[in-house]
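Worksheet: one structure, shown below.
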Amino acid sequence: MRDTRESRLLLVLLIAIAFALITVDIRGGEDSPVDGARRGAATVFGPIEDGVSTAVDPVGNAIQAVKDSGDRHDRVTQLERDNAELKAKLGSDDRNRSRGAQLDKMLKTAGAGQYGIKGAEVIAIGAAQGFSWTVTIDAGANDGIKRDMTVLNGDGLVGRVTTVGPGTATVLLANDPDFTVGTRMESTDELGFASGQGDRPLRVELLNGKAKIKKGDRLVTFGSQADKPFVPGVPVGLVSRVDPSGGDLTRTIYVTPFVSFSKLDIVGVVVQAPRKDPRDEVLPAKPKPTPTPTVTVTVTPSANAPADGLQQEQ
């Protein structure tokens, strides 16, 4: 249509009519006079709108889903990463707490016996140097470690140093069949020699064949000349079985070690012996027996009962 004065007047008129209809529709509310026309238009154009919406919406939804999927994937990945870091931190904290507890217990043991120790960590377990029960520690000659030094932890006797390198050393464990240590019974002072038996209890030959020993008695190291390879007073274990005395010159008992040789981690090498024998000072205090409660029942005779306790016939 050509741009003439009449066409411009027509356009202005149509706009004015449109505004008038909108005003009438708004003021009329649900009773609007143009409501019928609007419903008719909706009837005609509704299906077309619906078709266009049905055709367009999946595309829009797919695009949005892809965007949301990417965001969700990023969030899940971040959460998984945070979770892994948290688990690693918790594991590390548990490990550090365990090692801290071991170190604290070992220092208390060393303090009780007045042992000068060099702390070390077990870094390998194996048949080093041809021994069947050995561990390698991360301390050696550079740390003042020498052959035939006593090795302990917070529980008691671990073994003795057999081979020393610049930065590492090999420790023969007390449960090795080639291991022998002099022992002394707590309180009674009965002497003997303990030998390793692998994963079985230590075998101890007491020098006194008539020694009175019972299950649960405890032993410590007797000590060696010049404190090598063993310093005195280190807890060894407790008696788990006593062979019957057959009148022999010696008596055999079996001792469960205080140390768990399959769980070694933090150990201490005794680089300075105590000034005097600590005797039984390093042994932990014995648990006090729990008293067994006793109940006393007192029978009170009834007031109506006869004096002789027999029921009279009616």
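The values are calculated or read from the model by the stated rules, or taken from the named source; none is laboratory data. A quick note: this is a predicted structure, and the numbers were derived from the prediction, not measured. Heads up, the Cβs are rebuilt from the backbone with ideal geometry, glycines too, and the neighbour counts pull from every protein chain shown. Only protein heavy atoms, including side chains, enter the accessible area calculation; ligands, DNA and RNA are left aside. Shrake-Rupley method; radii C 1.70, N 1.55, O 1.52, S 1.80 Å.
Couple of notes before you dig in:
- Residues of the range 216-262 that are within 33 Å of the chain's Cα centre (by Cα) and hydrophobic (A, V, I, L, M, F, W, C): Leu219, Val220, Phe230, Val231, Val234, Val236, Leu238, Val239, Val255, Phe258, Val259, Phe261.
- Looking across the range 255-266, the residues that are closer than 12 Å to Arg218 by Cα and either open to solvent by 30 Å² or more (accessible area, probe 1.4 Å) or part of a loop (DSSP other than H, G, I, E, B) (or both) come down to Thr256, Pro257, Phe258.
- Residue that is surrounded by the fewest Cβ atoms within 10 Å (Cβ to Cβ), among those in the range 267-299 that are β-branched (Val, Ile, Thr) and at pLDDT 95 or above: Val271
- Matching residues in the range 148-175 - criterion: being surrounded by fewer than 21 Cβ atoms within 10 Å (Cβ to Cβ) and either closer than 14 Å to Val231 by Cα or acidic (Asp, Glu) (or both): Asp148, Asp155
- The range 189-213 - residue that is part of a loop (DSSP other than H, G, I, E, B) and over 20 Å from Asp248 (Cα atoms) and, of those, most open to solvent (accessible area, probe 1.4 Å): Asp199
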